[in-house]
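Quick notes on the structure that follows.
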Amino acid sequence: MPRKSKYNTHVKPHLKDIAKWISEGDTDVQLAQRLGISESTFYEYCGKYPEFSEALYSAKNITRFEQLESTLYRRAVGYMVTERKTVKKTFLSGDIVTEETESTRHIAPDVGALKFILVNQFPDKYRDKQDIDISGNMTVTLGAAEKGVL
């Protein structure tokens, strides 16, 4: 007799939690652990239950989209980055000393990223193409040469 599925008791009640867990950085293996199922069962349920598969797919896409937006914004406005360097020094005595240094530097704003955001967020103001409407009346007066009189 086959074992009873844990889907209705362990997975279905947590479909809304999946998006939160994915946004926190959980992998499929970690999601399976949180749901109390094995990794193989996790993938089996992905193929067997469309609502589970769709919850995973949409949560992963939303998270990726948010990360991309955040990265684009940081590129547009600039940001600070901390760099760590490890240097090993060997002395004549044979002693090896490991020295770690940490520095912070500013990454300058990227004009291309800034333009992309402005053009897409405020197209009426920042788009490359401008529509100019000209209206009114125009009067043309023909001179003697245009009338055919010479």
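Values quoted throughout were computed directly from the atomic coordinates according to the rules given, and no laboratory measurement underlies them. Just so it is clear, the model here is predicted, and its values are computed rather than measured. All Cβ positions, glycine included, derive from the backbone under ideal geometry; neighbour counts span all protein chains shown.
Helical content alone sets the calculated 222 nm signal of the chain at -14500 deg cm²/dmol, taking -39,500 (n - 2.57) per DSSP H segment of four or more residues and averaging over every residue. Springs between alpha-carbon atoms under 10 Å, Gaussian network over the chain: tell me which of Arg84, Arg34, Arg74 tops the mean-square fluctuations. Looking only at Arg84, Arg34, Arg74, the largest GNM fluctuation is found for Arg84. Taking θ as phi - 60° and the Karplus parameters 6.51, -1.76 and 1.60, the scalar couplings of segment 82-89 work out to 9, 10, 10, 10, 10, 10, 9, 10 Hz in sequence order, x denoting glycine and proline. Do any of Lys20/Lys125; Lys60/Lys85; Lys16/Lys115; Lys16/Lys48 go past 26 Å between their Cα atoms, and which? In this structure, Lys20/Lys125; Lys60/Lys85; Lys16/Lys115 exceed 26 Å between Cα atoms.
Can you tell which of Glu39, Glu100, Glu24 shows the greatest fluctuation in a Gaussian network model of the chain with Cα springs below 10 Å? Comparing Glu39, Glu100, Glu24 in a Gaussian network model of the chain, the most mobile one is Glu100.
Grab the Cα-Cα distance for Thr71 and Lys4, subtract it from 0.36 nm times how many residues apart they are, and report the gain in nm with one decimal.
19.7 nm
Classify the chain as rounded, prolate or oblate, taking a ≥ b ≥ c as the square roots of the eigenvalues of its Cα gyration tensor: rounded when a/c is under 1.5, otherwise prolate if a/b is larger than b/c and oblate if not. Present the calculation step by step, with values, prior to reporting the outcome.
Values: a/c = 5.16, a/b = 1.56, b/c = 3.31.
Judged from the Cα gyration tensor, the chain comes out oblate (a/c at least 1.5, b/c at or above a/b).
A crude spin-label estimate for the pair Lys16 and Glu51, with each label 7 Å from Cα along the Cβ direction, gives 1.3 nm.
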